[in-house]
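Before any comments, here is the structure.
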């Protein structure tokens, strides 16, 4: 088992070393993630602390002293006087946290649903997969908005700001589990008919043990690929929801919120509020997506040359 | 050859029909009218649409002067100042062809005083309305009411027969979420008739052929397409691209861009409106705060501190880009009762404010929710966000809940908010209007927009006395007394008076209406 794993690892490692795109995107993604994690250490201000804001600093141009206060900001400030650089760093934390948590959430639901459907078969399979089919007919951002709206209605008003992030995670996660379920079900159906599963049944192992101890490890590699690509999609979904004004609260802006604020000032020439968060979002989503593409190619021998 | 003939034929046809070209005006603003029921919501954009379709007895023209509409003459009787006589215009018909007469006025005034009406406060001095004949109306008031006519400029007249036939005699219960035939359809005597309406997306109006004012008003616009565009950038893009011809709220950051465009212009005027925050100071406990068993807003020191924490100067400079006048009183300068002394802006002293909060026993701060509209006033959400920061400086953590006005306003009416933003325009140009809606205890026919839960019987009695005080000097003295009390209590936290910026294509000619109500019959086209 160990040697197999090592060989697998080194295969992947070899492929990684020989893919400049993978190296570059991994570097960019890691740097961005690191910057987000260390935001409180490296950000010059804490934009989530409303008491520290000075409205008079609003709309400062990048690297130019503000007309009223004389303060200077590397990437300028937004309409509320928040330092754009700090807000990007803090906002990226929200984007990444929501992205990771939503993907983990979707993965758990999707993998369990897919495994159960494949192993149980029959009516259970039919019900789970029909639910998945129905959900697939709606665009996932619409599903996320719907769930977000319902969940917001159930949250007491004074808890909404604190709960908004969790509601976002649940709504994006719930809109995204179907892909996991379908892929896992397909792979698990193949595994189920293999001899080692029949052997396990013969020696009297229970269905739960068989699903999670025997089948699950063998269907993980497609899950890994989908998870990486889903991460990029979840980050964009969060930004989209916040851009539409239904995601992160305005007092705790994420990248999408900043872009929403920024687009209101495009005609008036205050370009920096929109440009820098958009570039960050682009870099983040692109690097994670390219990483996912590479992983898919590397794990799928049929696509190799 | 054939083509030439058809062109000639078309030209002949055009000439014979007198070249009646349809002049369509594409009109946009941030929010839509809340309802077509003319008595259900006393709200600016709602009245603005209604003014095209329905008419009151008298209106204010685009400069604020009271001029005849459905009444041609009016005034208190010489022998009995308690009775006003209105001579009604003859030969007026509704859009559906029915004739207008005094029965309709009786019906509409009664309807506007009924339970779900939002116009009751304007009519509460009325004792009885009589119709001696088909073209005369007599209104008897509790005592002489010198400003009765001022109260009628937004009181639209409906056809009694139409209301009865369509089961809309009762006013729509807007706060209760009711929809009626009258909230989606309209039949007025106004210059434009409704041809289609999709709330929050498109409302189409067409010039009414049988309008009584033909020849009297320019009426150059023959079709109106009204589209609410909430997003400021989209709205200004629509104007820049020529998709719309007229927007009522050019975003302050885009004034320069619009003005610089050679096909567009911006005209501006201070609006007869004040923007302020209201606080629930009357309840024993707040539902949206984290203080158990007490209401921090009930303590005057907290309100005083919050009033001092608002940096009006910064809001004017940064959020409004100088398109506002900081306010110290919840009353626009247009209004009878306004004085410079009342409108003095409280000093923005954070240290003193903090000390006051600590003195009140909230030195460790508390949390509360601020409710805010995001499609009603100029930069409403940005102002609320700025307030979050300003309140944080004195230890008050504010959760911001910004949403469309159609959901925000019912929360104020239904007393479901503890801290809210509201703007108040004063169509009567008199303080009594403000007191009746915002200061008087919330009762059946007064105080409907008073979300503060403030109740003071002495003040209430003074407010009621205003309607029948004919000695204007004495009346003004009472108004001053009430304002002194309101200011002393810090009933509201005033923010500013807005400056209106109307943006339009060069082909449109108009002046800015101080109530922000364009009356398109006065518009001319180049």
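Quick notes
- For the protein assembly as shown, the mean residue ellipticity at 222 nm estimated from helices alone is -13000 deg cm²/dmol, where every DSSP H run of n ≥ 4 contributes -39500 (n - 2.57) and the total is divided by all residues, rounded to the nearest 500.
- Two-site label geometry, residue A:146 and residue A:208: point separation in nm, points 7 Å out along Cα→Cβ: 3.2
- A Förster distance of 35 Å, applied to the separation of the beta-carbon atoms of residue B:169 and residue B:202, puts the FRET efficiency at 0.75.
- Cα shape, the range B:370-526, gyration tensor, a/c 1.5 rule: oblate
- FRET E, pair residue B:140, residue B:339, Förster distance 41 Å, beta-carbon r, rounded to 0.05: 0.75
- Cα-based helix-to-principal-axis angle, B:102-112 vs chain B, degrees rounded to 10: 30
- Relative contact order (%) - criterion: Cα under 8 Å, at least six apart; region: chain A: 23
- Nearest-0.05 FRET efficiency for residue A:49 and residue B:525, computed from C-beta distance (R0 51 Å): 0.45
- Distance-filtered residues of the range B:66-85 - backbone nitrogen under 17 Å, label point 7 angstrom along residue B:468 Cα→Cβ: B:77, B:80-84
- Averaged over B:317-327, number of beta-carbon atoms from partner chains that fall within 10 Å: 2
- In this simple spin-label approximation, residue A:135 and residue B:292 carry label points 7 Å from Cα along the Cα→Cβ vector, and these lie 4.0 nm apart.
- Residue-averaged beta-carbon neighbours from other chains (10 angstrom radius) around A:47-56: 6
- Tensor-based shape of the range B:134-179 (alpha-carbon gyration tensor, a/c under 1.5 rounded, otherwise prolate or oblate): oblate
- Model label zone, residue B:114; criterion: amide N under 19 Å from point 7 Å along Cα-to-beta-carbon; scope the range B:181-215: B:181-189
- Here the gap between residue B:485 and residue B:349, fully extended at 0.36 nm per residue and compared with their Cα-Cα distance, gives a gain of 46.7 nm.
- Model label zone, residue A:271; criterion: amide N under 20 Å from point 7 Å along Cα-to-beta-carbon; scope the range A:46-64: A:59-64
- Net lengthening on full extension, residue A:300/residue A:23 (0.36 nm per residue, minus Cα-Cα): 97.9 nm
- Gyration tensor (alpha-carbon) shape descriptor, chain B, a/c threshold 1.5: oblate
- In terms of the mean number of neighbouring beta-carbon atoms within 10 Å, the peptides B:97-109, B:343-355, B:513-525, B:381-393 order highest first as B:381-393, B:513-525, B:97-109, B:343-355.
- Mean sequence separation of contacting Cα pairs (under 8 Å, at least six apart), scaled by the length of chain B, corresponds to a relative contact order of 21 percent.
- Relative to the longest principal axis of the Cα atoms of chain B, helix B:300-309 runs at roughly 60 degrees.
- Taking label positions 7 Å along the Cα-Cβ direction at both residue A:127 and residue B:403, the computed distance is 3.4 nm, reported to one decimal.
- By average C-beta atoms within 10 angstrom, highest first, the peptides B:263-274, B:422-433: B:422-433, B:263-274
- Extension reserve of the residue A:42-residue A:244 stretch, reckoned as 0.36 nm per residue once the Cα distance is removed: 69.8 nm
- Mean per-residue shielding of peptide B:382-393 is 5, counting Cβ atoms of other chains within 10 Å of each Cβ.
- Nearest 10 degrees, 0 to 90: helix B:350-359 Cα axis against chain B principal axis: 60
- Ordering A:203-211, B:451-459, B:394-402 by mean Cβ neighbour count within 10 Å, with the highest value first, yields B:394-402, B:451-459, A:203-211.
- Relative contact order %, the range B:273-498, counting alpha carbon pairs below 8 Å whose residues are six or more apart: 33
- Note on the range B:198-264 and the range B:69-106: Cα centroid distance 32 Å, given to the nearest whole angstrom.
Throughout, read-outs are computed from the coordinates displayed, never taken from laboratory work. Please read all numbers here as calculations on a predicted model, not as lab measurements. Please note: Cβ atoms are built from the backbone with ideal geometry, for glycine as well, and neighbour counts cover all protein chains shown.
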